[in-house]
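Participant: Pasting a structure here, questions to come.
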Amino acid sequence: MFRRLSVASALLLSASPMPALAQHVGDADPWLWLEEIEGERALDQVRQWNAATEAELAESEGFAEDEARARAILDDEAQIAQPGTVMGSKITNFWRDAANPRGLWRIANLDEYVAGNPVWTTLIDVDALGKAEGQSWVWHGADCLGPEYRRCLISLSPGGTDADVVREYDLASGIFVDDGFVVPEAKSSVTWFDADRLMVATDYGAGSLTESGYPRIARLWQRGTPLESAEEIVSVDPAHVGLSAYSVDDGDTRWPMIGNAPTFWTREDWIGTPSGEFVKLPLSRTATLQGAVSGQLIVKLNEAEDGFPAGALVAYSIEDIVAGRKPVTELVMAPGASQAIEEVATTDNLLWVKALDDVSGRLFALRRADDGAWSYRAKALADNSTVHIVGTVGASDTVFATVEGMLEPPTLFAVGPGDEVTSVQSLPARFEASKMKVEQRFATSKDGTKIPYFLVTPKDLEGPVPALIHAYGGFRAAQTPTYLTAQPYRAGPLGLFWVEDGNAFVLANIRGGGEYGPAWHEAALREKRQNSFDDLHAVAEDLVAAGISAKGSIAISGRSNGGVLVGAAMNQRPDLYGAVISGSPLIDMQRYHKLLAGASWVGEYGDPDVAEDWAFMKLYSPYQNIVNGTRYPPVFFYSSTKDDRVHPGHARKTAAKLSAFGNTVYFHEYMEGGHSVGSDNAEDAHRAALLHAFLQRELMGEGE
C-alpha cells in the first residue's frame, strides 16, 4: 500500500492505472479522473488501494479480535430501544443487531415500553424485504399519519445513499398498499397533507432540482392521480439550496409546512391552512422554526432581533399568522453566556428544551401562561453528561431523554411534567471504567479564546503518551461527550480501544460548532475559518504543555467538514501531528461546490468562483496547499462510493496527491453505505479495527 512510498515504489503495487499518478504531477489537477464516481478506471484504482490497505493492516496482530469485539459492541442486544412514533397506546422502534443487520421496524404497547418490559411485534424486516425484492435496502424512516395512524410513508434507500424511495404502508394489514403512493428514488422530501394528499418536493425531471441537487419544486399530490400532474405549491430559484416538506403538531392540530433554504443558513417557510392555502411565515430569514405548542410557533433566533439576543427562543401566534395579522413576539427563553439551546421538542402543553452549559447537557420544561409569560422548570438529570431528547408522548406531556457520559453508559429516562423521572432502560457497562478518568480542560487559542475539550486517559497515566483528538468545527454542530464505545462518530469503539492501550482520547469543542450558540459558529464562518484550525492546534499544544502527550505523537481525526479541519491542520503543522484520520472528507475547496451537494455549503465556506471568497479560501484549502517536498504525517482516508453528499473524489484525489509526493497514505472506500448511514454495523466495526491498527502502527510503533 502507500506506506512511506515514493512514486517509484508505489508503481510496484499496480501496473495500471497508478503510472498516471506519477506521469502528470505537473498538471493543474492530474487526478481529476478520480472524481468519476463509478468510472471503471477510478473504481479499479479504489479496489487496488483497498486491497493494499487490507493487506497492510488486516494482518496486524490483534486485528481480528478488535473487529470481533467492535462488532459485538455495536450489535449487542443490550442497547437502548430508541423510541419512534407514539401512536395512541403504541410506540414504534427501529432495531439493529447481529441477526438483523439492516434492522427491524417494530411496535409495542407504550405502557409496557415505559415500564421497561415491551413485547415487540415486527412490522417490517428490512433484511427480509431487501432479499425478497433484490435490493440492498437501508432504512430511512417512517412517517405515520395521526390521529388514526392507519397509513405510513416508508423511506428506503438503496445502499444507504441520501436518495431514497418513499412507499405507502398499511399498518393494520402489515403490507405496502397496492396502487398506493410511491415516490421514485430521489433526494425527496415528502409528508402527509391529509389522508389522500401528500406534499412532495422531489426530482420532477429536467430543471426541477437546484444547483445543490435538491428539489426546487413542491407539489400537492392527490391520491389516484399521476405525480407529474400534481398541483404546484411553490417553486424556488435553482441557486437556492432546496425545498423541504414537513409538519408541526400543536396538540391534536397538525400544521403542514413547506420550507425553503435560499442558502444553508437562511430559511423561509409557508404554513398550510385548513383551506389548502399556504401562508408565508413573517420570520427573518436567519430564524429557524422549532415547533408549535399552546397556539404558538416556537422560533430560534440566530441573530439578535427586536431586542432579543441571538440564540434565544421566541414565540409567535399561529392564529395571527394564518389570519394575516402581524404577531407579537414573546420571549420564551434566552441562554446565558455559557449556554446554548441545542434541542427543542413539544408535547401537548409543554415546550421541552435541551441546553448546553459549558458543553454539559441540561433539560428544561417550559409552560406558557394565558398572559403570554413563559415559566420553566429544570429537570434533575446527571451533571457533566450528554443529554439528548429522543422522543415525546404528547398527551401525557412526557419526554424521552438519554443521558450518558464518556465513562457512563446511556440511560433512557421518561421525564414527566412534574417531578417524574423514570428510568426506562439503563445499559450495562461495556468496559472497565474504574481504570479510566475523564476531565474537561480548556486550552487558549491564538486569539485568547478559551477552547473546552474532554480528555479521557487511564487513571494511572504517566505521560507523555500518544493522543487522539477528534473534532468537527462547523455547521453549528456541537460535539458532546458520549459513551466511549461510540467515539469517534462512525468509528465504532476506536476511542475505547485507544484508551485501553494506555493512551489519551480527546473530544475538542472548537469554534464553528454550536457549543456556545450562534456566536461560536460564526467565529469560524467563511473568512474566519482559520479560528477553528487555531483552536485545534491550541488543544494539541495544551496536551504537550501539560505533559499528557508530545509533538509528533498526536493524531487528529475529523469527518465530513472535519476533513477540511484535519487537512488544513496537517498542512499548517506537520511538526505537531503524528497521524491523521480523514473520514468522508471535504478537502478540495476550489471544486467542492461543483461536486454533489457541495453548492449547498457556500454559506458556510464561501464561493471559490468569487475572487473575494477564494482570496481567503485558498489560504487553507487542504488539497491546494499540499506541497511537494514537505513530509506530512501519515493519513488514513475512509469514504463511501455511494456517498451522495460529500463526493468520494475528495479523499481519492488527496490520497493520490500525497502518495505521489512520497507521503504515507492509507485508503479505504466502502462500496455501500451513505454519508451518515452505514449499510450495517459490520462496516463501522471493520473500520474501527483498521483505524486502531493504523494508530498503533504509526504512533505506537507496533506492527512494523
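The values are calculated or read from the model by the stated rules, or taken from the named source; none is laboratory data. Small disclaimer: the values here were computed from a predicted structure and weren't measured. Cβ: placed from backbone, ideal geometry, glycine included. Neighbour counts: every protein chain shown. In case anyone asks, the SASA skips ligands and DNA or RNA and just uses the protein heavy atoms, side chains included. Shrake-Rupley method; radii C 1.70, N 1.55, O 1.52, S 1.80 Å.
Participant: What tally of residues in region 112-129 results from selecting those that are open to solvent by 50 Å² or more (accessible area, probe 1.4 Å) and in a helix (DSSP H, G or I)?
Facilitator: Of the residues in region 112-129, 2 are open to solvent by 50 Å² or more (accessible area, probe 1.4 Å) and in a helix (DSSP H, G or I).
Participant: Could you tell me which numbered condition ARG559 fails, if it satisfies all but one of (1) among the basic types (Lys, Arg); (2) free of Cβ contacts under 8 Å to residues at least 24 places away in the same chain; (3) in contact with a strand residue (DSSP E or B) (Cβ under 7 Å, 6 or more places away or on another chain)?
Facilitator: Going through the list (1) among the basic types (Lys, Arg); (2) free of Cβ contacts under 8 Å to residues at least 24 places away in the same chain; (3) in contact with a strand residue (DSSP E or B) (Cβ under 7 Å, 6 or more places away or on another chain), ARG559 breaks only (2).
Participant: Would you confirm whether or not region 369-382 contains a residue that is touching a Ser or Thr at 6+ places or on another chain (Cβ under 6 Å) and either of a type outside the set (S, T, N, Q) or open to solvent by less than 60 Å² (accessible area, probe 1.4 Å) (or both)?
Facilitator: no
Participant: Quick check on my filter: what residues within region 517-530 are over 16 Å from THR286 (Cα atoms) and buried (at least 24 other Cβ atoms within 10 Å of the Cβ)?
Facilitator: ARG529 - this is the single residue of region 517-530 that is over 16 Å from THR286 (Cα atoms) and buried (at least 24 other Cβ atoms within 10 Å of the Cβ).
Participant: Then there is this: At least 2 residues that are within 24 Å of the chain's Cα centre (by Cα) in each: list the strands (runs of 3 or more DSSP E) lying fully within region 273-385 that qualify.
Facilitator: Fully inside region 273-385 and qualifying: 288-293, 296-300, 339-346, 351-357, 360-368.
Participant: On to the next question. Name the one entry in ARG3, ARG102, ARG71, ARG96 that is within 31 Å of the chain's Cα centre (by Cα), at pLDDT below 90 and surrounded by 15 or more Cβ atoms within 10 Å (Cβ to Cβ).
Facilitator: After ruling out the rest, the residue left standing is ARG3.
Participant: Another question about this same structure. Please identify the pairs in which a residue from region 612-629 that is within 13 Å of ILE587 (Cα to Cα) has its Cβ atom under 9 Å from the Cβ atom of a residue that is charged (D, E, K, R) and open to solvent by 60 Å² or more (accessible area, probe 1.4 Å), counting only partners at least 6 apart or on another chain.
Facilitator: Hits for this filter: MET617/ARG526; MET617/GLU527; TYR623/ARG591; GLN624/LYS618; ASN625/LYS618.
Participant: Ok, one more. Quick check on my filter: what residues within region 267-321 are under 26 Å from ALA369 (Cα atoms), among the β-branched types (Val, Ile, Thr) and open to solvent by 20 Å² or more (accessible area, probe 1.4 Å)?
Facilitator: THR288
Participant: For region 546-554, does any single residue satisfy the condition of being surrounded by fewer than 24 Cβ atoms within 10 Å (Cβ to Cβ), under 27 Å from the mean Cα position of the chain (by Cα) and either among the aromatic types (Phe, Trp, Tyr) or more than 22 Å from GLY674 (Cβ to Cβ) (or both)?
Facilitator: Looking through region 546-554, none of the residues is surrounded by fewer than 24 Cβ atoms within 10 Å (Cβ to Cβ), under 27 Å from the mean Cα position of the chain (by Cα) and either among the aromatic types (Phe, Trp, Tyr) or more than 22 Å from GLY674 (Cβ to Cβ) (or both).
Participant: Can I ask one more? Tell me which residues, restricted to region 84-134, are of a type in the set (Gly, Ala, Ser), touching a helix residue (DSSP H, G or I) at 6+ places or on another chain (Cβ under 9 Å) and over 18 Å from PRO147 (Cα atoms).
Facilitator: ALA98, ALA99, GLY103
Participant: Then there is this: Only one of (1) open to solvent by less than 50 Å² (accessible area, probe 1.4 Å); (2) of a type outside the set (Asp, Glu); (3) touching a strand residue (DSSP E or B) at 6+ places or on another chain (Cβ under 7 Å) fails for GLY251. Which number is that?
Facilitator: (3)
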